[in-house]
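> Got a structure here, written out as structure tokens. Questions coming.
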Amino acid sequence: MQGQMMDYQLTLTPLLERARRLFPKKEIVTKSGPGLERFTYEQMTERVARLANALDKLGVKRGDRVATFAWNNARHLELYFAVPCMGAVLHPLNLRLPADQLTYIIAHANDEILFIDPSLLPVVEKLAPLLKSVRHFVVMGDKVPEATTLSPVHAYEDLLSASSSNYPWPNLNENDAAAMCYTSGTTGNPKGVVYSHRSIYLHSLGLSMTDSFGLSERDVFMPVVPMFHVLAWGTPFATVMLGSKLVFPGPHLQPRDLAELIQAEKVTLTAGVPTLWLGLLSLLDKEYYDLTTLRGMIVGGAAAPQFMIEGFKQKHNVEVIHAWGMTEMSPLGTVSHLKSYQRDLPEAERFAIRAKQGMPVPGVEVRAIDESGKEIPWDGKAFGELQVRGPWIVSSYYNDERSAECFMDGWFRTGDVVTIDTEGFVQIVDRTKDLVKSGGEWISSQDLENAIMGHPKVLEAAVIAIPHPKWQERPLACVVPKPDYKETITKAEIFEHLRERFSKMYLPDDIVFIEAVPKTSVGKFDKKVLRVQYKDYQLPEM
Ligand code: AMP
């Protein structure tokens, strides 16, 4: 017997229409230089229709790729809806990638139209002769600077004002491609992930669940995570669906900019990688901002250190919502909320649980597989590679021979090594390549980093494996002191702090003080760079 419910296509168009009908007065605010630019949802949805008409005129057809090279702002949001709803494919480019990777990605995706933030024109002008697939460039502003070498080139606002505000949105199939992103931080060329209307629709519902991010119309949401990093973790789609007020920081990502914006626009929820929030926590020790409206801060992309979760809660009454995910997963996988009966545990235990990556959200299934191919028990001790499946998880990479090795019996292999405890909380031990393999044991570089960053004189720490004649590999800790302690910090006090938490074999063999931990294009610690820098480092005899 078949179910007798409508075969309703899960596409983004009705979500846009919902926003237009129900929330015309809600605001979209962008920080642009010293000022703030404001649009209402009514203006936004009208501009989205004009943009779709303009794209038609530029010859964009169903399935064509339209790329963006832009910061988080309102025009970028308009592209997020105009492109997929007209049946084309939105492709936000990571603007921190080196030139060779950008040209590879643009050619691989066959991007035909490229929208560019005016401040980023010089980067694209240098690349332009290599971008054979691009037919039109569009500057996301009022005018095209006279001196630009790009051609043919248009001004965003000219395109909009010359186009009608009525667009006959086509009926799309829910499995049509809506957007694509390339993975970052992998070895070799980045891999393309193509999201469908259906996957984004379901993922938007996933983000809105109370037990995940609990997004709602009442939220004033500020995505700090770049719109090119897994579509700002899918949050623009979910928040427009719900009618939340949106606050975009543009290129202004310093802790002081963010604190001012939260205060001025009464932000209730924000999202980004831990390095950003470590900076903000440090600033708040010195300067006062009224952050009383802020209910939460979604932290993911890299592990949220426990001291940071504690610091925000205890000093500023802000909940860190710790989440784990991947480009291949749209990205939501797990979220670390306490279960009701865990709320009675002592405070330290509660924070330790929330520093884990959390439980899989409804819609995502997890398992972990050991080296012999067997599923590990959920005992919080056994290690294995995390594998996932669900409706918003990649089923293959875009035109890429490397797809096959990334799947096992219909599950996606994440490459993250984890434990899963008896309550079902996943804890990332490390990326496979970041584990320090010492003798027969595995040392988690992530555990050490989090403990070192919990020291009051430390700003950042990255732990890498150094080849060792006897043990195969041993850990070296690269530590960035807080500016006030640069002169006074000692290795001895860091070791003292670690000895309270780790047995001897898990301690780093040495500590070096550095100016800054190199960062990847999405703001995570880039340990590849440190590994190259310290490849011949002589560890002291232990
Ligand atoms: P990306 O595709 O750039 O978002 O990177 C995904 C990878 O980031 C994951 O496979 C993890 O290794 C790492 N990651 C994401 N979130 C977390 C987290 N909360 N804790 C630890 N690692 C994380």
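The values are calculated or read from the model by the stated rules, or taken from the named source; none is laboratory data. Owing to the predicted nature of the structure, the values given are computational and were not obtained by experimental measurement. Neighbour counts run over all protein chains shown; Cβ positions are idealised from the backbone, glycine included.
> Inspect all residues belonging to the stretch 255-267 and state whether any of them is outside any loop (DSSP other than H, G, I, E, B) and either over 29 Å from residue 119 (Cβ atoms) or within 16 Å of the ligand (Cβ to nearest atom) (or both).
The answer is no, given that none of the residues of the stretch 255-267 is outside any loop (DSSP other than H, G, I, E, B) and either over 29 Å from residue 119 (Cβ atoms) or within 16 Å of the ligand (Cβ to nearest atom) (or both).
> Now for a separate question. Return the residues of the stretch 348-361 that are part of a helix (DSSP H, G or I) and among the β-branched types (Val, Ile, Thr); say none if nothing qualifies. Quick ask: steps written out before the conclusion?
Step one: filter the stretch 348-361 for residues part of a helix (DSSP H, G or I), giving 348-354.
Listed by number, the list holds a single entry, 353.
> Taking residue 326, is it modelled with pLDDT of 95 or more, surrounded by fewer than 23 Cβ atoms within 10 Å (Cβ to Cβ) and within 16 Å of the ligand (Cβ to nearest atom)? It would help to see each step written out before you state the result.
Values: modelled with pLDDT of 95 or more: yes; surrounded by fewer than 23 Cβ atoms within 10 Å (Cβ to Cβ): yes; within 16 Å of the ligand (Cβ to nearest atom): yes.
It is true that residue 326 is modelled with pLDDT of 95 or more, surrounded by fewer than 23 Cβ atoms within 10 Å (Cβ to Cβ) and within 16 Å of the ligand (Cβ to nearest atom).
> At least 2 residues that are under 20 Å from residue 331 (Cα atoms) and among the hydroxyl-bearing types (Ser, Thr, Tyr) in each: list the strands (runs of 3 or more DSSP E) lying fully within the stretch 83-196 that qualify.
Here the list reads 192-196.
> Give the residues of the stretch 125-164 that are surrounded by 15 or more Cβ atoms within 10 Å (Cβ to Cβ) and touching a Ser or Thr at 6+ places or on another chain (Cβ under 9 Å), sorted by residue number.
125, 127, 128, 131, 137, 139, 140
> Any idea which of (1) crowded, with 19+ Cβ neighbours inside 10 Å; (2) under 24 Å from residue 327 (Cβ atoms); (3) away from the ligand (no atom under 16 Å from the Cβ) is the one residue 494 doesn't satisfy?
(2)
> Within the stretch 349-367, which residues are without any contact (Cβ under 8 Å) to a residue 24 or more places away in the chain and under 12 Å from residue 420 (Cβ atoms)? Please lay out each step first, then the result.
Keep residues of the stretch 349-367 that are without any contact (Cβ under 8 Å) to a residue 24 or more places away in the chain, which gives 349-350.
If the condition is that a residue be without any contact (Cβ under 8 Å) to a residue 24 or more places away in the chain and under 12 Å from residue 420 (Cβ atoms), then no residue fits.
> Pull out all pairs, ordered by first then second residue, where Cβ-Cβ is under 9 Å, the residues are six or more apart or on different chains, the first lies in the stretch 258-280 and is among the aromatic types (Phe, Trp, Tyr), and the second is surrounded by fewer than 22 Cβ atoms within 10 Å (Cβ to Cβ).
Hits for this filter: 277/255.
> Could you run through the stretch 315-347 and say how many residues are without any contact (Cβ under 8 Å) to a residue 60 or more places away in the chain, of a type outside the set (Gly, Ala, Ser) and part of a helix (DSSP H, G or I)?
Of the residues in the stretch 315-347, 6 are without any contact (Cβ under 8 Å) to a residue 60 or more places away in the chain, of a type outside the set (Gly, Ala, Ser) and part of a helix (DSSP H, G or I).
> Taking only the stretch 283-312 into account, find how many residues are within 19 Å of residue 222 (Cβ to Cβ), away from the ligand (no atom under 16 Å from the Cβ) and not in a loop (DSSP other than H, G, I, E, B).
The qualifying residues number 2.
> Just to verify a result, which residue in the stretch 182-206, among those that are among the hydrophobic types (A, V, I, L, M, F, W, C) and out of contact with any Leu (no Cβ under 8 Å at 6 or more places or on another chain), is farthest from the ligand (Cβ to nearest atom)? Walk me through it before giving the result.
If we filter the stretch 182-206 for residues that are among the hydrophobic types (A, V, I, L, M, F, W, C), which is where we start, we get 193-194, 200, 202, 205.
Within this subset, residues satisfying the condition of being out of contact with any Leu (no Cβ under 8 Å at 6 or more places or on another chain) are 193-194, 205.
Numbers: 193: 9, 194: 15, 205: 20 Å.
Selected residue: 205.
> Can I ask one more? Tally up the residues in the stretch 54-92 that are crowded, with 21+ Cβ neighbours inside 10 Å and over 20 Å from residue 180 (Cα atoms), please.
Selection size over the stretch 54-92: 1.
> Considering every residue within the stretch 4-11, establish whether at least one is among the charged types (D, E, K, R) and surrounded by 15 or more Cβ atoms within 10 Å (Cβ to Cβ). So that I can check it myself, show each step before the final result.
Of the residues in the stretch 4-11, the ones among the charged types (D, E, K, R) are 7.
Right, trim to surrounded by 15 or more Cβ atoms within 10 Å (Cβ to Cβ) and you get none.
Checked the stretch 4-11: no residue is among the charged types (D, E, K, R) and surrounded by 15 or more Cβ atoms within 10 Å (Cβ to Cβ).
> Among the numbered conditions (1) out of contact with any strand residue (DSSP E or B) (no Cβ under 6 Å at 6 or more places or on another chain); (2) touching a residue at least 40 places away in the same chain (Cβ under 8 Å); (3) part of a helix (DSSP H, G or I), tell me where residue 232 comes up short.
(1)
> Select from the stretch 435-476 the residues that are basic (Lys, Arg) and modelled with pLDDT of 90 or more and write down the one among them that is farthest from residue 494 (Cα to Cα). Let's see the steps before the verdict.
Filtering the stretch 435-476 for residues basic (Lys, Arg) gives 437, 457, 470, 474.
Now drop any that are not modelled with pLDDT of 90 or more, which leaves 457, 474.
Details: 457: 9, 474: 17 Å.
Ranking the candidates gives 474 first.
> Might you check whether a residue that is surrounded by fewer than 21 Cβ atoms within 10 Å (Cβ to Cβ), small (Gly, Ala, Ser) and either in a loop (DSSP other than H, G, I, E, B) or touching a residue at least 12 places away in the same chain (Cβ under 8 Å) (or both) occurs anywhere in the stretch 464-481?
no
> From the set of residues in the stretch 168-192 that are under 17 Å from the mean Cα position of the chain (by Cα) and crowded, with 24+ Cβ neighbours inside 10 Å, which is nearest to residue 520 (Cα to Cα)? Even if it seems obvious, please write down each step before you answer.
We begin by selecting, within the stretch 168-192, every residue under 17 Å from the mean Cα position of the chain (by Cα); these are 179-186, 190-192.
Going one step further and asking which of them are crowded, with 24+ Cβ neighbours inside 10 Å, we end up with 179, 181-182.
Values: 179: 23, 181: 16, 182: 14 Å.
The qualifying residue nearest to residue 520 (Cα to Cα) is 182.
> Taking the stretch 207-218 as the search range and keeping residues that are touching a residue at least 60 places away in the same chain (Cβ under 8 Å) and touching a Leu at 6+ places or on another chain (Cβ under 6 Å), which one is farthest from the ligand (Cβ to nearest atom)?
Of everything passing the filter in the stretch 207-218, 217 is farthest from the ligand (Cβ to nearest atom).
> Further question: Give the stretch 272-282 a look and list any residue that's surrounded by 24 or more Cβ atoms within 10 Å (Cβ to Cβ) and either assigned to a helix (DSSP H, G or I) or touching a helix residue (DSSP H, G or I) at 6+ places or on another chain (Cβ under 6 Å) (or both), or say none. Talk me through it step by step, then tell me what you get.
The first filter runs over the stretch 272-282 and keeps only residues surrounded by 24 or more Cβ atoms within 10 Å (Cβ to Cβ), leaving 272, 274, 277, 280.
Selection gives 274, 277, 280.
> Scan the stretch 139-151 and give yes if some residue there is more than 16 Å from the ligand (Cβ to nearest atom), over 27 Å from the mean Cα position of the chain (by Cα), under 20 Å from residue 65 (Cα atoms) and not hydrophobic (A, V, I, L, M, F, W, C), otherwise no. Outline the logic, then answer.
Our first condition is that a residue be more than 16 Å from the ligand (Cβ to nearest atom); within the stretch 139-151, this holds for 139-151.
Narrowing the set further to residues that are over 27 Å from the mean Cα position of the chain (by Cα) leaves 142-151.
Next, from what is left, pick out any that are under 20 Å from residue 65 (Cα atoms): 150-151.
So of that shortlist, the ones also not hydrophobic (A, V, I, L, M, F, W, C) come out as 151.
Yes, that holds for at least one residue.
> Against the definition (touching a strand residue (DSSP E or B) at 6+ places or on another chain (Cβ under 8 Å), among the aliphatic types (A, V, I, L, M) and assigned to a loop (DSSP other than H, G, I, E, B)), how does residue 215 come out, yes or no?
Details: touching a strand residue (DSSP E or B) at 6+ places or on another chain (Cβ under 8 Å): yes; among the aliphatic types (A, V, I, L, M): yes; assigned to a loop (DSSP other than H, G, I, E, B): yes.
When the stated conditions are applied, residue 215 passes them.
> Given the criteria closer than 22 Å to residue 331 by Cβ, in contact (Cβ under 8 Å) with a residue 60 or more places away in the chain and buried (at least 17 other Cβ atoms within 10 Å of the Cβ), does residue 252 qualify?
Values: closer than 22 Å to residue 331 by Cβ: no; in contact (Cβ under 8 Å) with a residue 60 or more places away in the chain: yes; buried (at least 17 other Cβ atoms within 10 Å of the Cβ): yes.
No.
Residues are listed down the side, and each one gets a yes or a no for (1) more than 15 Å from the ligand (Cβ to nearest atom); (2) touching a residue at least 40 places away in the same chain (Cβ under 8 Å):
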residue	(1), (2)
410	yes, no
419	no, yes
424	yes, yes
428	no, yes
434	no, yes
